[in-house]
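Some notes on the structure that comes next.
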Amino acid sequence: MRSLDATAATDRGRTRKRNEDAYHVGDSVFAVADGMGGHLAGDVASATALLPVKSLDGQVFPDSASAQAALLDAVLAANAAVVRKAADEPDLRGMGTTLTAAIVEGRRLHVAHVGDSRAYLFRDGDLIQLTRDHTLVAHLIEEGQISEEEAAHHPHRSIITRAIGVDVDLDVDTMTIDLQDGDQLLLCSDGLTGPVDDTTIEDILSADLAITEAASDLIDTANEAGGPDNITVVLLRFEDDEAREGTASTATVIRPDAGSGQEAEGDGERDWAQKIGRFGTFGRRSVDRDPRRDPARRQRVVTTLVVLVALVALAVLGGWWLLSRSYFVGLDGDQVAIFQGIPAEAGPVELYWVAEETDLGADELPSYQVNRFEDGVAAADLRDARTIVENAPRSDGEDGGSAGGTPAPSPSPTGDPGT
Ligand code: MG
């Protein structure tokens, strides 16, 4: 006879005004979601994400693979739903949520996970973190760039690298556990694991408490440690009376669904528990650590490059179009000419070209006018440029003179002498 006991507890914590966490405790499906986003958006994100997961509750699956696939599909549907909602409603833009969901199917437990909520397995007195946090600091720890202690106080410790509702493409970590008599599964938001360390959680789960007491003890401990965030715990206890009667198997398997081949078949319980400790986490990403081999990432890199090339091309075309609509009158050697573009250079590239030569030589102009054309005199269009050339004061043989007896205008690089 197998039995599953489950409970949940949630609390706003000591500093937050709202509780944006959400959870589900059903017959066979359990989940925690930690929403984020302004105003009501965090609540909406976490509640929306839970809907497809909840719909699996009570469903009967023909085999383990279909239960696992259904859970993954539900998480992907949750992502699509939050992405869609955020796109449709301007007030909800930017919302997202974590989602750590589990489905119990016979003696197996399947877990799907995105974000920094966690799933822990408590077995034989040991607490094992099943999920890997999708956070910047977790990544830095994995890369060996910072220590666990540094991570706890890192200024960017709240940055999440994967969440539901951010992008239509989503990588989901999944894993499968063969349950044993006495196993406890804890799903929780970071409001618990931020202020409370694993040893304390392990102590609470080891204590001989009723399941609801254990859950509220976890919440109280987080609040006593400051309660800096919303705290949610979902706690499951699995009991297998057959196993208790002496048929317990020592062959226990915990495996990532992506298939690293690192199954611990035939190992003693301690051995695999140590393996879990050593490997730390399971799932798609932890199996394929080389990001260059990740097809989704490669696709993103290619897309980014295509977009960048397109942007550069657009900028060049846009720049050329703008330049081709600008005119000025200047000097092409000793001749006055009408130019398209602007009288400037971008590095080695001249941002102008001759649009029309004229018969007017620089030697026919007073020196102040030569100076102005050297700087370039802006024109509204080609016709305006021709007018500027036509009306340019001609030299009467002496510098400072002007055509038609009018006084010489004072030199100005931006003035328009023709009008
Ligand atoms: Mg949180």
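Here is how the numbers come out for the structure above:
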{"item": "Å² per residue, accessible surface of segment 131-201 at 1.4 Å", "result": "44"}
{"item": "Ordering of 45-53, 72-80 by burial proxy (mean other Cβ atoms within 10 Å per residue, highest first)", "result": "45-53, 72-80"}
{"item": "Average projection area in nm² (convex hull over Cα atoms of segment 1-81, one quarter of hull surface)", "result": "6.4"}
{"item": "Share of carbon and sulfur in the accessible heavy-atom surface of segment 301-404 [1.4 Å probe, %]", "result": "59"}
{"item": "Distance from segment 26-102 to segment 370-396 (C-alpha centre basis), Å", "result": "68"}
{"item": "With every protein chain in place, segment 65-114: carbon and sulfur % of accessible area (1.4 Å)", "result": "51"}
{"item": "Mean accessible surface per residue for segment 22-70, computed with a 1.4 Å probe while every protein chain stays in place, in Å²", "result": "41"}
{"item": "Tensor-based shape of segment 129-197 (alpha-carbon gyration tensor, a/c under 1.5 rounded, otherwise prolate or oblate)", "result": "oblate"}
{"item": "Sulfur and carbon atoms: percent of accessible area, segment 192-244 [1.4 Å]", "result": "41"}
{"item": "Accessible area per residue, Å², segment 305-361 with all protein chains present, probe 1.4 Å", "result": "63"}
{"item": "Protection proxy ranking of 140-153, 4-17 - average other beta-carbon atoms within 10 Å, highest first", "result": "4-17, 140-153"}
{"item": "Packing-based ranking, highest mean first, of 339-347, 317-325 given that Cβ atoms within 10 Å are counted", "result": "339-347, 317-325"}
{"item": "q = 0.09, 0.21, 0.22 Å⁻¹: log10 I(q)/I(0) that the Debye formula gives for segment 141-248, counting C-alpha atoms only", "result": "-0.34, -1.23, -1.26"}
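The values are calculated or read from the model by the stated rules, or taken from the named source; none is laboratory data. Being a predicted model, the structure only gives us computed values, none of them experimental. Virtual Cβ from ideal backbone geometry, glycine too; neighbours counted across all protein chains shown. Remember, those area values only see protein heavy atoms, side chains included, never the ligands or the DNA or RNA. Shrake-Rupley method; radii C 1.70, N 1.55, O 1.52, S 1.80 Å.
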